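Structure record follows, encoded as structure tokens.
Just so it is clear, none of the values below were taken in a lab; they were calculated from the coordinates. A quick note: this is a predicted structure, and the numbers were derived from the prediction, not measured.
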Amino acid sequence: MSRERRFCLSVVFEFAGEPDHMMHSLLENLRSMVPGLRVTLISGVFKKYRPGGLRPGRLLNLACVYLKVAAHLLFRRPDAVIVQSAPPGIQLWTVAWAAFGKAPVCCWLMDYHPEFEARALERLGHKGLARPLRALDALLMPRFAAIITLDPAMTALVRSRAKDAFVLEHPTWVADSTAGVWRVSYSPGGGVGPLRLAYSGNLGKAHDLRLLRQLLEAVGRRRTVRLFAIGGSKEGEVRFRELCSDIGVAIEFIPRVPQFSDLRGLYERLRIDAGIVLLSEESAGLVSPSKFAGYINFGLPVVYLGPPGTNVATVCRRFQGGFWLRADSGAVEMDAVAAGLLDERQMAAAAAGAHSAAKHFAGFSGRSLAGALAPHLAEGLA
């Protein structure tokens with residue numbers, strides 16, 4: 001009687017102590033699809049994420065993961081590897097070391113390093129330093145057995161570096177499929193009083209406030225606006241306070257809620273009309289905004305201020321689930337969006353579109369990603 005062949009999968013996951021529902025869901029589903037799967041996590045000395053990429057603890061974590069990956073791939077020789085793109089550049093380091101054991105590597109590209117760093121160097125006038133980073137990326141990206149991207153903009157950027165690689169475009173997803181289950185009971189945009197807008201999540205460097213300022217001013221000429229910032233960082237609070245103080249918009253800061261499902265009760269209490277998603281033009285393809293899921297899963301229209309090629313752009317364009325402005329939008333477009341946010345019929349149509357978009361994105365899960373990825377990881381058994 002033959003024994004079942006073990007399939008040894010190594011997963012580079014910097015913060016293994018985080019309750020990351022996506023990674024855990026992916027691995028759980030892979031275990032059910034790949035016979036004999038054994039998973040080894042390679043993580044840092046600190047298991048939970050804390051903001052601040054240049055903190056001594058984060059730098060120590062980076063060094064720890066880099067060293068552990070090299071040692072593991074040199075001496076353990078797994079059948080396949082999955083690597084997320086944190087700490088920065090770890091995916092390129094991983095695929096280079098995996099060549100010793102000829103293990104296929106799947107890159108789950110959450111944030112596109114080192115292109116982040118290359119563009120930052122260019123902004124500082126150091127184009128000569130940006131070129132070798134891009135050359136290294138172009139050399140190693142084609143070596144991946146599979147690359148998971150999050151949206152069309154990221155896929156296009158990856159294709160420019162690795163045109164023949166197997167690219168699997170798969171958006172991020174929420175812990176549970178909530179489409180049609182947790183919708184708010186009121187009609188967004190149908191109330192009286194100020195327009196109540198929410199910004200849920202951290203406000204990072206990839207988030208440009210210039211368009212938001214213009215939109216809030218355009219709406220403010222018609223009706224009072226109230227902004228609610230939910231679960232942000234201290235740095236984000238400072239930026240929001242400065243913005244709202246300059247233009248006379250009232251803002252309230254709300255702590256992060258424990259569970260995703262708790263957002264419905266919060267939106268109900270605050271009577272939120274629409275949710276804001278921000279992304280700078282130069283960040284298209286580098287990150288993929290995921291905050292929109294926290295709005296559309298509850299039937300709230302989206303106000304997207306950012307470039308094309310993202311999943312939230314799909315919500316606005318394909319499903320008509322919100323209002324979209326780009327950096328080059330003029331006064332006419334700005335006024336049209338401001339008027340739409342105050343029009344009950346347009347808001348009702350956007351809420352219906354958001355619900356349709358939520359049902360579409362509910363089709364993406366750990367199971368769908370595992371089903372698409374399993375055949376490529378199984379090449380390690382050949």
* Structure fact -> For the chain the mean separation of alpha carbon contacts under 8 Å (6+ apart) over residue count, i.e. relative contact order in percent, is 18
* Over the Cα atoms of the stretch 83-205, how large are the radius of gyration and the largest Cα-Cα distance (Dmax), in Å? -> 19.6, 65
* Between the helical axis of 344-361 and the dominant principal axis of the chain, each derived from Cα atoms, what acute angle in degrees is found, rounded to the nearest 10? -> 10
* Structure fact -> Quick shape summary for the stretch 36-146, equivalent ellipsoid via Cα gyration tensor, semi-axes whole Å in descending order, reads 25, 19, 11
* To do: Search the structure for amide H atoms under 5 Å from the amide H of residue 322, placed 1.01 Å from N in the peptide plane, and list their residues when 5 or more places away or on another chain.
  => 302
* the stretch 318-382 - Kirkwood radius from inverse mean 1/r over Cα pairs (Å) -> 14.9
* Asked: So what's the chain giving for Cα Rg divided by 2.2 N^0.38 Å, two decimals?
  -> 1.04
* To do: Please identify, among 55, 271, 38, the residue showing maximal mean-square fluctuation in a Gaussian network model of the chain using a 10 angstrom Cα cutoff.
  => 55
* For the stretch 195-361, what is the convex hull (Cα atoms) projected area averaged across all directions, in square nanometres? -> 8.8
* Asked: Gaussian network model of the chain, Cα springs within a sub-10 Å range: biggest mean-square fluctuation belongs to which of 24, 355, 170?
  -> 24
* Structure fact -> Which of 184, 105, 45 fluctuates most in a GNM of the chain (C-alpha springs under 10 Å)? That residue is 45
* Asked: Principal axis lengths of the stretch 200-242 from Cα atoms, whole Å, largest first?
  -> 30, 17, 16
* Structure fact -> Phi angles of the stretch 8-15, converted by Karplus (6.51 cos²θ - 1.76 cosθ + 1.60, θ = phi - 60°) into ³J(HN,Hα) in whole Hz with x for Gly and Pro, give 9, 10, 9, 10, 8, 9, 3, 10
